[in-house]
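Here's the structure we're looking at; comments come further down.
The values are calculated or read from the model by the stated rules, or taken from the named source; none is laboratory data. Remember, predicted model here, so these are calculated numbers, not experimental data. In this analysis, Cβ positions are derived from the backbone assuming ideal geometry, glycine residues included, and neighbour counts consider all displayed protein chains.
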Ligand SMILES: [Zn+2]
Ligand SMILES: [Zn+2]
């Protein structure tokens with residue numbers, strides 16, 4: 001059947017029956033044909049050699065796009081599996097998807113892979129790429145697929161679990177073959193293994209089949225693949241930079257927090273210096289909440305299971321909740337995964353009228369979520385966290401102002417912590433959302449209006465809202481360009497309904513309030529983890545657990561050093577005196593390694609003239625002979641909290 005293809009520039013071109021994506025790319029230009037890795041026809045990605053069977057929107061996919069990179073990385077995962085099965089004939093393979101910046105593949109093997117294994121696998125990968133084997137698509141029935149993959153139990157499980165509706169043409173599954181290696185797969189792939197420009201195997205780790213600890217443990221190999229060697233080199237540099245900033249490593253070097261094995265996966269303890277940092281973040285949260293008219297409340301860590309039934313968490317969030325606790329005749333209790341229902345109970349503690357609204361409740365609430373162990377990562381993904389959570393109840397008339405205020409608040413929050421590069425996503429009504437579309441229209445428009453007046457870049461993600469309302473997510477970009485989700489402003493029509501919330505209006509009728517969930521940091525733990533990596537541990541002075549180290553040149557200067565420390569301490573600075581036996585040079589180096597923002601050195605001339613030598617982190621050399629009161633003044637200024 002001849003097809004009409006609409007190119008990205010809008011032109012429509014007729015092509016004859018049986019034309020392939022590669023033919024079309026060639027007809028556009030030889031350069032494009034050479035760069036092409038697949039094509040997109042309407043919503044489907046297709047291999048270059050597939051005949052195009054319907055008309056529609058058409059685009060050639062190259063490695064310049066994220067889709068192209070996904071195809072490259074997915075193809076690279078096949079080659080990795082092929083290499084592993086070549087070298088370990090008794091191994092079997094599970095799944096191997098592309099992920100951000102790379103790919104992985106999971107294997108069941110007798111022994112975990114050693115670094116030497118990884119080298120051998122890597123060498124085999126290179127051979128397979130050099131051999132430039134074609135990736136060939138094969139369509140087979142379920143029964144054929146079961147026999148082809150009979151020796152590979154995970155593939156059999158995948159084939160058996162495919163829903164009939166997911167099967168291509170109702171009953172066919174697809175696989176891709178290169179030489180004697182075949183993998184179950186939907187595709188598409190690069191045309192051949194030789195089209196992988198740059199690949200590197202990175203590391204191995206344990207993983208569970210389907211991510212579930214109850215299942216068999218597998219061995220995962222992570223790799224990365226890029227459109228060019230220089231892209232790969234740049235990525236390896238970024239990884240190295242990220243490793244230097246790893247908040248788990250810095251947390252231990254700077255003595256901030258740790259994750260003791262005896263405590264449990266995804267749980268942290270905060271050491272005194274981390275405690276200072278954390279309380280500064282929390283105090284700032286309280287200060288800003290007060291400034292924006294929120295009241296602080298407290299709630300317990302447990303509640304009867306019935307509360308979580310009413311709130312809907314047991315329907316929609318049960319997987320992430322810890323199992324119930326049952327004590328004698330008492331009802332079941334659950335540890336809280338969120339603070340919301342408690343704030344609803346405060347709202348409900350007495351009758352409310354329009355005069356009580358807007359009512360803004362905030363809490364630094366400890367919540368617990370059961371995350372799969374494979375997904376737990378330092379402070380970034382934890383099982384126990386503190387949310388700087390707020391819930392605002394308001395009337396429809398107040399909605400616009402409230403949303404604008406909430407957005408202003410979160411933007412001030414991230415700016416105060418030194419993040420200048422951020423963007424927002426507006427997620428709107430999902431197709432399967434139930435109930436009246438009226439509130440969706442009102443609140444989506446209000447959120448959009450708030451975004452437009454705030455003047456920050458945003459994109460709309462149609463249909464990505466939660467089932468109970470639209471939301472704005474704010475993402476921040478860190479010092480090495482990584483994007484982190486941080487603040488959220490979430491509308492909720494569901495909870496007020498479920499709990500039967502109401503208020504008396506000025507006409508003496510009753511109405512249901514709107515509810516706005518808002519997290520500024522998200523989780524305090526995660527926010528601090530991101531911040532440690534963003535600053536590589538060298539915090540702005542107001543957040544530094546130790547702001548000034550005073551170093552005496554010799555023992556005879558120790559008394560004066562202590563006097564300097566006391567003077568600065570009285571001015572509100574956090575000061576340490578290094579009275580160790582180390583040499584002067586070592587003491588200064590220690591302060592720099594610990595990333596203390598300021599180092600003060602005092603010697604004979606300073607004792608005499610009541611001066612200090614002052615040196616700031618990241619600056620070369622120090623300023624000698626600064627009068628003590630002057631040094632104090634400038635340090636206090638530098639240490640001012642945002643908004644002070
Ligand atoms: Zn594949
Ligand atoms: Zn909430």
Residues of the stretch 85-101 satisfying the condition of being away from ligand 1 (no atom under 15 Å from the Cβ) and on the phi < 0 side of the Ramachandran plot: 86, 87, 88, 89, 90, 91, 92, 100
Hand me the list of strands (runs of 3 or more DSSP E) wholly inside the stretch 398-479 holding 2 or more residues that are buried (at least 20 other Cβ atoms within 10 Å of the Cβ). 422-427, 471-477
Would you please list the contacts, defined by Cβ atoms under 9 Å and residues six or more apart or on different chains, that run from a residue in the stretch 564-587 that is free of Cβ contacts under 8 Å to residues at least 60 places away in the same chain to a residue that is exposed (fewer than 14 other Cβ atoms within 10 Å of the Cβ) and in a loop (DSSP other than H, G, I, E, B)? 584/554; 586/580; 587/580
Can you find a residue in the stretch 621-637 that is touching a helix residue (DSSP H, G or I) at 6+ places or on another chain (Cβ under 6 Å), surrounded by fewer than 20 Cβ atoms within 10 Å (Cβ to Cβ), assigned by TED's automatic domain parsing to the domain that holds residue 578 and free of Cβ contacts under 8 Å to residues at least 24 places away in the same chain? no
So residue 8, is it closer than 18 Å to residue 67 by Cα, touching a residue at least 12 places away in the same chain (Cβ under 8 Å), in contact with a strand residue (DSSP E or B) (Cβ under 6 Å, 6 or more places away or on another chain) and surrounded by fewer than 19 Cβ atoms within 10 Å (Cβ to Cβ): yes
Mind checking which residues of the stretch 333-358 are away from ligand 2 (no atom under 14 Å from the Cβ) and either touching a residue at least 40 places away in the same chain (Cβ under 8 Å) or within 30 Å of residue 504 (Cα to Cα) (or both)? 348, 349, 350, 351, 352, 353, 354, 355, 356, 357, 358
Output yes when any residue across the stretch 593-609 is more than 27 Å from residue 274 (Cβ to Cβ), in contact with a helix residue (DSSP H, G or I) (Cβ under 9 Å, 6 or more places away or on another chain), part of a loop (DSSP other than H, G, I, E, B) and in the same structural domain as residue 558 (by TED's automatic domain parsing), and no when none is. yes
Within the stretch 489-496, can one find any residue that is modelled with pLDDT of 90 or more, touching a strand residue (DSSP E or B) at 6+ places or on another chain (Cβ under 8 Å) and in a helix (DSSP H, G or I)? yes
Looking at (1) away from ligand 2 (no atom under 16 Å from the Cβ); (2) more than 23 Å from residue 482 (Cα to Cα), find the lone condition where residue 380 falls short. (2)
So, residue 223, is that one closer than 18 Å to residue 382 by Cα, outside any loop (DSSP other than H, G, I, E, B) and at pLDDT 95 or above or not? no
I'd like to know if the stretch 126-143 contains one or more residues that are more than 34 Å from the chain's Cα centre (by Cα), at pLDDT below 95 and part of a helix (DSSP H, G or I). yes
Within the stretch 159-190, the residues that are modelled with pLDDT of 85 or more and out of contact with any strand residue (DSSP E or B) (no Cβ under 9 Å at 6 or more places or on another chain) are 160, 161, 180, 181
Against the definition (on the phi > 0 side of the Ramachandran plot and part of a loop (DSSP other than H, G, I, E, B)), how does residue 625 come out, yes or no? no
Please indicate, with yes or no, whether at least one residue in the stretch 104-122 is outside any helix (DSSP H, G or I), within 12 Å of ligand 1 (Cβ to nearest atom), modelled with pLDDT of 95 or more and at negative phi. yes
2 or more residues under 36 Å from the mean Cα position of the chain (by Cα): qualifying helices (runs of 4 or more DSSP H) within the stretch 1-99: 30-35, 66-87
